[in-house]
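What follows is a short report on a single structure.
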Amino acid sequence: MRGTDAETGSTTAEPDDQELIHLAAEGDGAAFGRLAVRLGRRLRSVLFRLGLSEPELEDALQESLVAIWRGAITFRGGSTVATWATRIAINQGLSVIRRRRDTPVAEPFLADRSASSTVEENWERREVGEQVRRAVLSLPEQLRVVVVLREYEDLSYKSIAEILEVPIGTVMSRLHKARSHLRRELAAAL
Amino acid sequence: MFHRHLTLERYELAAEESPERAETLHSEAARCPRCAAAVQEQPLRRLLAAWDGSGQIDRPVPWEAALGRAIAVPTPPPTGSRARLWRPMAALALLAALLVASLVTASASAGPDSPLYGVRGTQDWVRSAVAPEPDRARLETKLANGYLVDARHSAVRDDQHASSASMDRFSYWMDRLRVDIRHAARDERPDIRASLTVTRSLLSDMAAAGFVPTSVARGQTTLMEVEAEFEAESHEGD
């Protein structure tokens with residue numbers, strides 16, 4: 001991706017993730033910020049789908065970003081930056097879940113904002129959404145993670161295997177079990 | 001004949017790795033009801049999408065707060081080691097060496113409020129003084145950017161004193177850079193150019209945010225002079 005420098009008029013290359021992480025490793029806070037904004041949505045999404053409550057999510061997200069900043073200096077490029085960062089976020093999220101004593105907190109379901117939906121459609125969508133949420137959160141952690149990465153983040157098997165540092169066959173096996181569980185739980189909705 | 005049933009996961013993996021292989025599997029699956037069911041379109045993903053998280057997912061990323069936490073001066077390592085020291089003089093020498101090493105390490109990130117800020121300044125000056133002339137410009141861009149990041153961080157925390165102190169040091173290294181950049185090694189120029197891009201970006205952010213406006217404006221002027229010098233040297237070398 002190339003952009004035009006506003007001051008000199010010359011075209012400059014937009015730094016890719018690898019360049020940004022190396023700049024961050026040298027102490028460049030702005031580069032870190034740009035990287036964080038690029039990765040932020042995925043990190044938030046993963047932490048949310050793992051079942052963290054809102055305050056837990058914000059804290060885990062911050063801890064993930066801190067870990068990314070501090071780990072930048074040791075990043076060797078063995079995987080993509082996004083893969084490495086996602087792994088960090090997942091580990092943070094799972095740490096939160098394991099530290100918890102209670103079962104996942106029932107999150108207030110956020111209202112649908114579609115202006116064209118009827119009240120009934122909204123209610124039905126809420127109900128189904130809540131069923132799905134409970135079904136996903138009822139999965140054991142290992143299975144939940146692969147569902148989140150595959151069904152919500154739309155990552156390839158290879159990417160998921162790299163993030164979780166397991167063989168592709170393990171990813172397939174876990175996903176198969178997870179999908180079977182979800183189909184049973186959501187049979188009525190299906 | 002033994003037949004290994006196709007699963008959706010095997011089919012998806014094949015589709016990712018080789019569309020031709022996936023097409024073959026799809027054709028073969030038609031001969032087995034169980035396999036055929038596996039490759040049919042699954043409504044599961046569409047159903048799972050009903051769990052809407054956009055309210056929590058589509059939010060700004062608090063990277064500045066995270067950066068603030070990340071670059072906070074670390075707490076000193078826990079004391080209490082019980083090494084047995086048989087020779088008091090050797091023990092004192094070891095302690096002195098450890099203290100110096102700790103000072104050097106801790107001072108590298110010391111902010112204006114830290115008692116080690118002066119040590120950091122001295123350390124930076126020594127590094128520049130001992131660096132070979134062709135390497136000095138690259139070092140000075142890194143030092144300048146380090147102080148600029150500190151200044152921005154202090155400004156975000158509304159610490160005007162610390163921010164101004166860091167900008168003073170940034171200016172000092174930029175002034176040195178303006179002189180030394182003409183002697184920069186050719187193979188270091190790409191790194192220097194990248195660092196100057198960062199400097200420009202940081203200063204733009206700070207100007208837009210209204211942080212230490214006088215210092216930032218002066219910094220932008222100095223940067224333009226440095227860049228002009230840099231480009232002039234680059235063209236002469238072509």
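Values in this text are rule-based calculations from the coordinates and carry no lab data. None of these values were measured; they are calculated from a predicted model. Because the Cβ atoms are built from the backbone with ideal geometry, glycine has one as well, and the counts that use them run over all protein chains shown.
What number goes with the only condition from (1) of a type in the set (D, E, K, R); (2) part of a helix (DSSP H, G or I); (3) within 20 Å of B:Trp63 (Cβ to Cβ) that B:Arg169 does not pass? Against the list (1) of a type in the set (D, E, K, R); (2) part of a helix (DSSP H, G or I); (3) within 20 Å of B:Trp63 (Cβ to Cβ), B:Arg169 comes up short only on (3). For the stretch B:28-62, filtered to residues that are in a loop (DSSP other than H, G, I, E, B) and more than 10 Å from every other protein chain (Cβ to nearest Cβ), the residue that is surrounded by the fewest Cβ atoms within 10 Å (Cβ to Cβ) is B:Glu41. Close Cβ contacts (under 6 Å, 6 or more residues apart or on different chains) running from residues in the stretch A:122-133 that are more than 9 Å from every other protein chain (Cβ to nearest Cβ) and part of a helix (DSSP H, G or I) to residues that are surrounded by 14 or more Cβ atoms within 10 Å (Cβ to Cβ) and among the aliphatic types (A, V, I, L, M) are absent. The listed residues are B:Val216, B:Val198, and the only one of them that is closer than 27 Å to B:Pro132 by Cβ and assigned to a helix (DSSP H, G or I) turns out to be B:Val198. Within the stretch A:129-178, if we keep just the residues that are under 13 Å from A:Arg87 (Cβ atoms) and among the acidic types (Asp, Glu), the residue that is surrounded by the fewest Cβ atoms within 10 Å (Cβ to Cβ) turns out to be A:Glu165. Applying a threshold of 7 Å to beta carbon distances and a minimum spacing of six or more residues, or different chains, the list of pairs starting in the stretch A:52-69 at a residue that is within 9 Å of chain B (Cβ to nearest Cβ) and assigned to a helix (DSSP H, G or I) and ending at one that is among the polar types (S, T, N, Q) and surrounded by fewer than 20 Cβ atoms within 10 Å (Cβ to Cβ) reads A:Glu54/B:Gln56; A:Leu57/B:Gln56.
Only residues that are of a type in the set (D, E, K, R) and within 13 Å of chain A (Cβ to nearest Cβ): list them for the stretch B:1-26, please. Quick ask: steps written out before the conclusion?
Residues of the stretch B:1-26 of a type in the set (D, E, K, R): B:4, B:9-10, B:12, B:16-17, B:20-21, B:23.
Those that are of a type in the set (D, E, K, R) and within 13 Å of chain A (Cβ to nearest Cβ): B:Glu9, B:Arg10, B:Glu12, B:Glu16, B:Glu17.
Test B:Val179 against the stated conditions and say whether it is within 24 Å of B:Pro112 (Cβ to Cβ) and either within 20 Å of the chain's Cα centre (by Cα) or part of a helix (DSSP H, G or I) (or both). Against the criterion (within 24 Å of B:Pro112 (Cβ to Cβ) and either within 20 Å of the chain's Cα centre (by Cα) or part of a helix (DSSP H, G or I) (or both)), B:Val179 does not qualify. Looking only at the stretch A:152-179, residues that are among the polar types (S, T, N, Q) and more than 10 Å from chain B (Cβ to nearest Cβ) come to 1 in all.
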